[in-house]
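Trainee: Here it is, the structure, as structure tokens.
The values are calculated or read from the model by the stated rules, or taken from the named source; none is laboratory data. Because the structure is predicted, anything quoted here is derived from the model rather than measured. Reconstructed Cβ throughout: ideal geometry from the backbone, glycine too, with neighbour counts over all protein chains shown. The area values use the complete protein model at the heavy-atom level, side chains included, leaving out ligands, DNA and RNA. Shrake-Rupley method; radii C 1.70, N 1.55, O 1.52, S 1.80 Å.
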Amino acid sequence: MKTAKKEEMRKEYRREDLGVGVRGKYYKEYNKGTNLVLLSQDVAAAFPDEDSVNSALRSLMKLAQHSVGPTKRSTRDAKKQAAG
């Protein structure tokens, strides 16, 4: 591939100047993906690094999993005790 001697953009490019395209060159990296999340400034200020954010979120997930579960159905006996 030939390179331009000047650091300026050309008015026109030919396909041959760009080299051979390789199908799927970045496919593996693309499939790895990424989960970037933008935190608000006040939230980001509470966490010094990514490990502390992950730790806090894991704790919250555990708490949510333990606190959410099947609810008990009310029984006729429970209603009688509450009324009595």
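Conditions tested, residue by residue: (1) open to solvent by 100 Å² or more (accessible area, probe 1.4 Å); (2) more than 18 Å from the chain's Cα centre (by Cα); (3) at positive phi; (4) at pLDDT 80 or above.
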site	(1), (2), (3), (4)
Asn31	no, no, no, yes
Gln41	yes, no, no, yes
Ala45	no, yes, no, yes
Gln65	yes, yes, no, yes
Ala82	no, yes, no, no
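Trainee: If you don't mind, another one. When you check Lys2 against the structure, is it part of a loop (DSSP other than H, G, I, E, B), at pLDDT below 70 and in contact with a helix residue (DSSP H, G or I) (Cβ under 7 Å, 6 or more places away or on another chain), yes or no? Quick ask: steps written out before the conclusion?
Mentor: Numbers: part of a loop (DSSP other than H, G, I, E, B): yes; at pLDDT below 70: yes; in contact with a helix residue (DSSP H, G or I) (Cβ under 7 Å, 6 or more places away or on another chain): yes.
Yes: the conditions hold for Lys2.
Trainee: Related question: Which of the residues spanning region 13-29 are open to solvent by less than 70 Å² (accessible area, probe 1.4 Å) and either assigned to a helix (DSSP H, G or I) or aliphatic (A, V, I, L, M) (or both)? Break it down stepwise before answering.
Mentor: Taking region 13-29 and keeping what is open to solvent by less than 70 Å² (accessible area, probe 1.4 Å), we get 17, 19, 21, 24.
Matches in region 13-29: Asp17 only.
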